[in-house]
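Engineer: Shown below is the structure under consideration.
The values are calculated or read from the model by the stated rules, or taken from the named source; none is laboratory data. Just so we're clear, the structure is a prediction, and the values are computed from it rather than from any experiment. Glycine also receives a Cβ, built like all others from the backbone with ideal geometry; neighbour counts cover every protein chain displayed. We work out accessible area using only protein heavy atoms, side chains counted, and drop any ligands, DNA or RNA first. Shrake-Rupley method; radii C 1.70, N 1.55, O 1.52, S 1.80 Å.
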Amino acid sequence: MDRVMGLAGQNALVIFSNSSCCMCHSIKRLFGELGAHATVYELDQDSRGKETEKALVRLLGRSSPLPAVFIGGKLVGSSNEVMSLHLKADPTRASKSHLIMLLKEARAIWL
């Protein structure tokens, strides 16, 4: 768990992914289209990937933890949580999604 949190805190936007996962691809693409540069850890290509995935299972509390997204060092969740935040409008800025506001606060995007 310490390794996950350490890696997650090193950059504004961190995604733990699997290179053959379609939902991981979709989430990476969403952030790219929003103009965010993510640090992506492809766990299937990492020698410590299985260990990291087990830690994410414990952290997220589900058997399929990928993709796991961290913004500003804080766990956002998986694809469902990311999409919910993207669709949810920030009440202080009706035209911006809550996800965009989180990315701006973490300095992952500059809009």
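Engineer: Sort LEU99, LEU75 from largest to smallest accessible area, using a 1.4 Å probe on the heavy atoms of the protein chains. Walk me through the numbers on the way to the answer.
Structural biologist: On the way: LEU99 0, LEU75 70 Å².
Of LEU99, LEU75, the descending order of accessible area is LEU75, LEU99.
Engineer: Excluding ligands and nucleic acids, what accessible area in Å² is computed for PHE31 using a 1.4 Å probe, to the nearest 10?
Structural biologist: Accessible area, nearest 10 Å²: 0 Å².
Engineer: Just to check I understand the Karplus step: with θ = phi - 60° and J = 6.51 cos²θ - 1.76 cosθ + 1.60, what whole-Hz values come out for the range 9-14, glycine and proline as x?
Structural biologist: Result, rounded to whole Hz: x, 7, 9, 5, 9, 10.
Engineer: Sort ASP46, ASP2 by heavy-atom solvent-accessible area, probe 1.4 angstrom, most to least.
Structural biologist: On the way: ASP46 45, ASP2 135 Å².
Solvent-accessible surface, decreasing: ASP2, ASP46.
Engineer: For the chain, what is the mean residue ellipticity at 222 nm derived from helices alone (per DSSP H run of n ≥ 4: -39500 (n - 2.57); sum divided by total residues; nearest 500 deg cm²/dmol)? Please report the intermediate quantities before stating the final value.
Structural biologist: On the way: 5 runs with 48 residues, N = 111.
Calculated from helices alone, the mean residue ellipticity at 222 nm is -12500 deg cm²/dmol.
Engineer: Can you spot the aspartates and glutamates whose alpha carbon is less than 13 Å from LYS28's alpha carbon? Ignore those fewer than 8 places along the same chain.
Structural biologist: GLU42
Engineer: I want to verify the translational diffusion coefficient of the chain in µm²/s; compute it with Stokes-Einstein, Rh as the Kirkwood radius over Cα pairs, at 20 °C and 1.002 mPa s. If you can, show how the numbers build up before the last one.
Structural biologist: Values: Rh = 14.0 Å.
Roughly 153 µm²/s, to the nearest whole number.
Engineer: For each cysteine in the chain, check whether another cysteine's C-beta sits under 4.7 Å from its C-beta; list those where none does.
Structural biologist: Among the cysteines of the chain, those whose Cβ sits 4.7 Å or more from every other are CYS22.
Engineer: Still on this structure, I have one more. Which order do you get for ARG107, ARG58, ARG3 if you rank them by accessible area with a 1.4 Å probe, largest at the top?
Structural biologist: Output order, biggest surface exposure first: ARG107, ARG58, ARG3.
Engineer: Compute a Gaussian network model of the chain, connecting alpha carbons closer than 10 Å, and tell me which residue from LEU66, LEU34, LEU56 fluctuates the most.
Structural biologist: With Cα springs under 10 Å in the chain, the top fluctuation among LEU66, LEU34, LEU56 is at LEU34.
Engineer: Check which residues have an amide H placed less than 5 Å from LYS96's amide H, if you skip close sequence neighbours.
Structural biologist: Residues meeting the amide H criterion: ASP90.
Engineer: Can you give the accessible area of SER79 in Å² (nearest 10), computed on protein heavy atoms with a 1.4 Å probe?
Structural biologist: For SER79, solvent-accessible area is about 10 Å².
Engineer: Moving on. Simple spin-label model, 7 Å along Cα-to-Cβ: GLU33 to HIS86 in nm?
Structural biologist: Each label point lies 7 Å from its Cα, and together they span 0.6 nm.
Engineer: Next question. Taking the Cα centre of the chain as origin and charging only Cβ (+1 Lys, Arg; -1 Asp, Glu), how large is the dipole, in debye to the nearest 20?
Structural biologist: On the way: 14 positive and 10 negative charges, 47 e Å.
Here the size comes out at about 220 debye.
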